[in-house]
Amino acid sequence: AYFTLQVIYARRKYKISPPETRGHPEFERIFRAQVNCSEYFPIFVSLLWVAGIFFHQGVAAVCGLLYLYARFKYFQGYAVAAQGRLGPLYASARLLWLLLGLAVAGLLAHFLLP
């Protein structure tokens with residue numbers, strides 16, 4: 001919701017009416033950052049859910065909080081400059097891979113171990 005509100009504020013600031021997605025470069029970066037975060041959200045929620053159920057709730061929750069913080073930093077960095085997104089992007093990708101590993105390990109343990 002925070003990212004969507006930032007797009008709304010940028011639309012007002014730069015006078016860009018929906019459905020237009022082009023305009024001031026700062027608006028375009030904010031809009032793109034919001035879209036990128038929205039695209040990854042279903043993957044994140046799915047992995048968080050499966051890792052929390054089949055691996056461990058606490059570990060999954062910590063990974064989830066770290067992922068959300070990395071995405072927040074990604075958004076902030078991208079809003080300033082396109083290069084500012086790279087560090088947090090790599091961190092959030094590593095956390096998604098970690099959640100995937102936890103989910104797979106939990107599923108394997110659940111279905112293969114007695």
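The values are calculated or read from the model by the stated rules, or taken from the named source; none is laboratory data. What you are looking at is a predicted structure, and each value in this text was computed from that prediction instead of being measured. Cβ: placed from backbone, ideal geometry, glycine included. Neighbour counts: every protein chain shown. Keep in mind that these areas ignore ligands, DNA and RNA; they rest on the heavy atoms of the full protein, side chains included. Shrake-Rupley method; radii C 1.70, N 1.55, O 1.52, S 1.80 Å.
A few notes on this one:
- Compared with the dominant Cα axis of the chain, that is its longest principal axis, helix 25-54 is turned about 10°.
- For the pair W97 and L113, label points projected 7 Å from Cα toward Cβ lie 2.4 nm apart.
- Its DSSP H runs of at least 4 residues, each contributing -39,500 (n - 2.57), put the calculated 222 nm mean residue ellipticity of the chain at -29000 deg cm²/dmol, to the nearest 500.
- If you take the Cα centroid of segment 4-27 and the Cα centroid of segment 79-113, the two points sit 30 Å apart.
- Taken over the chain, the convex hull of the Cα atoms encloses 89 Å³ per residue.
- Between 0 and 90°, nearest 10: helix 2-14 axis offset from the chain longest Cα axis: 10
- For the chain, the solvent-accessible area with a 1.4 angstrom probe is 63 square angstrom per residue.
- Farthest positive-ward along the chain dipole, Cα basis, beta-carbon charges - from A91, C37, Y2: Y2
- Surface composition of the chain: carbon plus sulfur atoms contribute 69% of the solvent-accessible area (1.4 Å probe, protein chains only, all chains present).
- Point-charge dipole on Cβ atoms (K/R +1, D/E -1) for the chain, about Cα centre, debye to 20: 420
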